[in-house]
Amino acid sequence: MPFAALWGSPPISAPAIFQPFPLPFITEAHYAQWGGLERQVVFPQEQVSGGPPVMVRETDADFHGSAPLRYDFPAVTLTTLNDVVVRGRSNILTAPESIIRHGLIDLATDVTPDEFYGRLKVSEAGTRLGWMGTDRFNVDYLPEAVVFTDWTGVNYAHWLTEVLPRVTTYVQARGPGAAPLLIDADLHVNIVQSLHAVAGPDVVLHRLRSDQLVRVGVLHNISPTGYVPFKFRPQPVETLPQGVFGARALRATVDRLRHLAGPVGFDRPRVFIRRQSTGRHVPNEAEIAEVLEAKGFVTVRPESLSLPEQVSLYSRARMVVGATGAAFANLIFCQADCPIVVFMPRFRHLAYWYWRRMAAAAGAGPVIHVDGDQVNTLDDPFHPLALHQDFRMELSDVLKAVEIAEALAP
């Protein structure tokens with residue numbers, strides 16, 4: 001059915017308001033199979049694996065589990081779709097016949113950003129979806145583009161491990177400059193610099209605001225190269241998704257960004273990360289910094305560094321210590337002989353193995369987990385703010401984690 005037959009074409013004098021109707025909510029793989037679309041495999045299916053977790057407290061293994069790391073990551077594909085509407089800050093696409101999500105979204109366990117912020121309504125069965133509010137008929141139009149919009153793309157960690165590796169994959173498949181890139185507006189300067197480092201300085205960019213739509217005649221889309229749910233639905237802790245990352249796409253991205261930083265050099269500092277964030281503060285972080293500095297650590301605030309400076313620092317680090325947060329995604333630049341100590345809240349309803357899984361995919365060093373008790377706890381563990389509560393680290397646990405890390409270093 002032609003696009004206009006479904007979306008209509010109002011009189012010029014009519015208000016540009018669209019009351020949406022439900023459409024099937026399906027994966028891109030199902031849509032491609034239904035439409036007979038070719039999906040080019042850029043990176044084949046692979047397995048990411050590692051040893052048992054390394055934790056400081058004796059009770060942590062019982063609390064979080066002790067299984068070795070192993071997960072399968074699906075093939076990363078390039079699919080070309082016709083007549084598709086793209087929304088800013090969304091990785092969900094609207095075709096004439098259906099609304100399309102990627103294959104790693106599990107509607108039984110995951111809440112998408114579009115659903116969380118009321119931009120779409122999913123049926124109770126999870127099979128049909130309607131966009132909420134009003135959409136414009138007279139959307140912008142592009143004859144061809146490749147899409148990299150994503151609600152979480154403004155977050156440095158999600159960008160580095162979920163969005164940018166998709167750009168790398170597309171460039172590897174089609175070459176730089178093959179088609180204009182659709183990206184979100186208001187991305188941080190470091191994020192934009194990383195994009196140019198991967199896609200080239202002359203790539204054509206079309207930036208979409210969060211309320212902006214564009215209809216694309218020929219749209220190229222790369223399947224996920226990494227994914228962790230935005231929010232969790234209530235579920236047993238045993239089923240909580242922990243995040244998955246494709247090693248080939250992630251390592252290819254790291255290689256491209258390391259070229260941006262230049263030669264690594266021989267100085268290999270031990271780094272303590274100080275965070276500047278809106279949640280999950282460590283109240284005694286200054287005390288920890290003082291003790292570690294006395295042991296020769298260099299304290300760094302990553303947000304004060306340029307992208308090349310961050311890539312260079314983590315690429316040559318001998319050890320990295322710090323609290324969970326977006327800046328910790330720089331661990332993907334760490335060498336295999338660089339142990340990584342991450343402070344985590346003692347809270348089961350979160351992706352506790354997120355950084356460990358990311359490090360394994362990137363080929364970085366071993367991750368040592370050390371817990372700190374939350375300062376305040378919320379009654380509902382699935383409340384959006386429950387995992388963002390401040391947590392305090394015991395200095396003795398931090399020093400024990402550093403000792404373990406030193407023993408693991410070659």
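The values are calculated or read from the model by the stated rules, or taken from the named source; none is laboratory data. Note that the coordinates shown come from a computational prediction; the quantities given were computed from them, not determined experimentally. FYI the Cβ positions are ideal-geometry reconstructions off the backbone, even for glycines, and counts take in every protein chain you see.
Details
- Pairs where the first residue, in the stretch 143-161, is part of a helix (DSSP H, G or I) and the second is at pLDDT 95 or above and among the acidic types (Asp, Glu), C-beta under 9 Å, 6+ apart: Trp151/Asp184; Thr152/Glu162; Gly153/Glu162; Gly153/Asp184; Val154/Asp184; His158/Asp150; Trp159/Asp150
- The set of residues in the stretch 170-188 that are in a helix (DSSP H, G or I), in contact (Cβ under 8 Å) with a residue 60 or more places away in the chain and aliphatic (A, V, I, L, M) contains only Ala173.
- The residue list Gln276, Gln242, Gln235 contains one member that is of a type in the set (S, T, N, Q) and loosely packed, with under 14 Cβ neighbours inside 10 Å, which is Gln276.
- Only residues that are of a type in the set (Asp, Glu) and surrounded by 12 or more Cβ atoms within 10 Å (Cβ to Cβ) were counted across the stretch 258-273, and they come to 0.
- Residue ranges of strands (runs of 3 or more DSSP E) in the stretch 199-282 with at least 1 members farther than 29 Å from Val402 by Cβ: 205-208, 213-222
- Screening the stretch 39-72 for residues that are in contact with a helix residue (DSSP H, G or I) (Cβ under 8 Å, 6 or more places away or on another chain) and farther than 22 Å from Gly226 by Cα and picking the one that is surrounded by the most Cβ atoms within 10 Å (Cβ to Cβ) gives Met55.
- Within the stretch 22-50, restricting attention to residues that are over 17 Å from His102 (Cα atoms) and touching a residue at least 40 places away in the same chain (Cβ under 8 Å), the residue that is nearest to the chain's Cα centre (by Cα) is Val48.
- Of the criteria (1) under 18 Å from Asp371 (Cβ atoms); (2) exposed (fewer than 15 other Cβ atoms within 10 Å of the Cβ), which one Glu290 fails: (1)
- Residues satisfying the stated conditions in the stretch 103-120, i.e. over 17 Å from the mean Cα position of the chain (by Cα), touching a residue at least 24 places away in the same chain (Cβ under 8 Å) and buried (at least 18 other Cβ atoms within 10 Å of the Cβ): Arg119, Leu120
- Residues that are at pLDDT below 90 and crowded, with 19+ Cβ neighbours inside 10 Å are absent from the stretch 134-148 altogether.
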